[in-house]
Amino acid sequence: MADLEDVQTVDLMSELLRRLKCSQKPDKRLIFIGPPGSGKGTQSPIVKDEFCLCHLSTGDMLRAAVASKTPLGLKAKEAMDKGALVTDELVVGIIDEAMNKPKCQKGFILDGFPRTVAQAEKLDEMLKKRGTGIDKVLNFAIDDSVLEERITGRWIHPSSGRSYHTKFAPPKTPGVDDITGEPLIQRKDDNAEVLRSRLAAFHTQTEPVIEYYAKKAVLTNIHAEKAPQDVTSEVQKALS
Ligand code: AP5
């Protein structure tokens, strides 16, 4: 933990103001669902900041495990490289653990989870034990034909999860993160061939999850093919 004497007063004040603002926000437990490239990871940080939630992306957590070669990462790598889903058991475990973190106190955005009906059922069990449930599921609906250009043009800043696009959201300097000046990278599975497998997995295994939440009357469809700012407005309207 940082020694408070070393922290600038202005930083302490802004953190206090942030916490005060957060204490007045309602708790929210959200799921963002949609195919690869539909904009879940682009919209999540905006909603996270606005409602003081934690952003739990199973894809980001799995990539971090792969990069640090943990036992979980070693198990997940092969499926991820092929664009297939990793086992339900692996992802359910990481979400259950992540939800206990203090940053999830006001709620969470689940980005890329649940992706199978079995994961959705496990999530229901997990939340029931905590005496809570899901408030809203946003379905980032979009035609497959738009996604290849979005995926192949994407560049990410691994440590923050910030995402750029060569055409739709270019960084100020090509290949460099706007905030930290660190280099951007392309994901190994962000190519046209692996995208086909990822889309196939989405249509067969994840679309039934959309139906699962529609039946529970917590689903809102978002027109994810619109420009990023227009998608943000729709998301904000759905959550207000
Ligand atoms: P994951 O990391 O979750 O990938 P994904 O679901 O394929 O989603 P993406 O991150 O590719 O898309 P996104 O919707 O976040 O798009 P973004 O906002 O960046 O999963 C990866 C792998 O991990 C899976 O294949 C699987 O193996 C494994 N995995 C993860 N979770 C799992 C689970 N629960 N169970 C089992 N396996 C699991 O946008 C894309 C690009 O488009 C960006 O460049 C962005 O700048 C741009 N863009 C965004 N919005 C717009 C817009 N409105 N207009 C124009 N451009 C836009």
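The values are calculated or read from the model by the stated rules, or taken from the named source; none is laboratory data. Predicted model only: the values in this text are computed from it and were never measured. Cβ coordinates were reconstructed from backbone atoms using ideal geometry, including for glycine residues, and neighbour counts include every protein chain displayed. Heavy atoms of the whole protein, side chains included, go into the accessibility calculation; ligands, DNA and RNA do not. Shrake-Rupley method; radii C 1.70, N 1.55, O 1.52, S 1.80 Å.
Looking at the chain from every direction and averaging, what is the projected area of its Cα convex hull in nm²? Kindly include the intermediate steps, with their values, before the conclusion.
Numbers: hull surface 55.9 nm².
For the Cα atoms of the chain, the hull's average projected area reads 14.0 nm².
How much space per residue, in cubic angstrom, does the convex hull of the C-alpha atoms of segment 2-65 take up?
Details: hull volume 8.1 nm³, N = 64.
For segment 2-65, the hull spanned by Cα atoms encloses 126 Å³ per residue.
Which pairs, out of K25/K237; K122/K216; K48/K129; K82/K188; K28/K128; K28/K237, put more than 19 Å between their alpha-carbon atoms? Provide the component values of the computation, followed by the final result.
Details: K25/K237 16 Å; K122/K216 15 Å; K48/K129 24 Å; K82/K188 10 Å; K28/K128 15 Å; K28/K237 14 Å.
As for pairs spanning more than 19 Å Cα to Cα, those are K48/K129.
Cα centroids of segment 108-164 and segment 166-240: how far apart, whole angstrom?
After rounding, the separation between the Cα centres reads 9 Å.
How far, in nm, would the chain grow between D27 and T204 when pulled straight, counting 0.36 nm per residue and subtracting the alpha carbon separation?
Going from the current span to full extension adds 60.5 nm.
Between E97 and D49, what length in nm is gained on full extension when 0.36 nm per residue of separation is reduced by their alpha carbon distance?
Full extension of this stretch gives 15.1 nm more.
Which order do the peptides 55-67, 199-211, 181-193 take when ranked by the mean count of other beta-carbon atoms within 10 Å per residue, highest first?
Ranking the peptides 55-67, 199-211, 181-193 by packing returns 55-67, 199-211, 181-193.
With a 1.4 Å probe and all protein chains in place, put K69, K28 in order of accessible area, largest first.
Result, largest first: K69, K28.
Just reorder T232, T87, T70 by solvent-accessible area, largest first, 1.4 Å probe, all chains present.
Ranked from most to least accessible, the order is T87, T70, T232.
Give the calculated FRET efficiency between S233 and S160 to the nearest 0.05, with a Förster radius of 25 Å applied to their Cβ-Cβ distance.
Once rounded, the FRET efficiency stands at 0.60.
How many Å³ per residue does the convex hull of the Cα positions in segment 42-178 occupy? Display every interim value, and only then the final one.
On the way: hull volume 18.9 nm³, N = 137.
In segment 42-178, the Cα hull volume divided by residue count equals 138 Å³.
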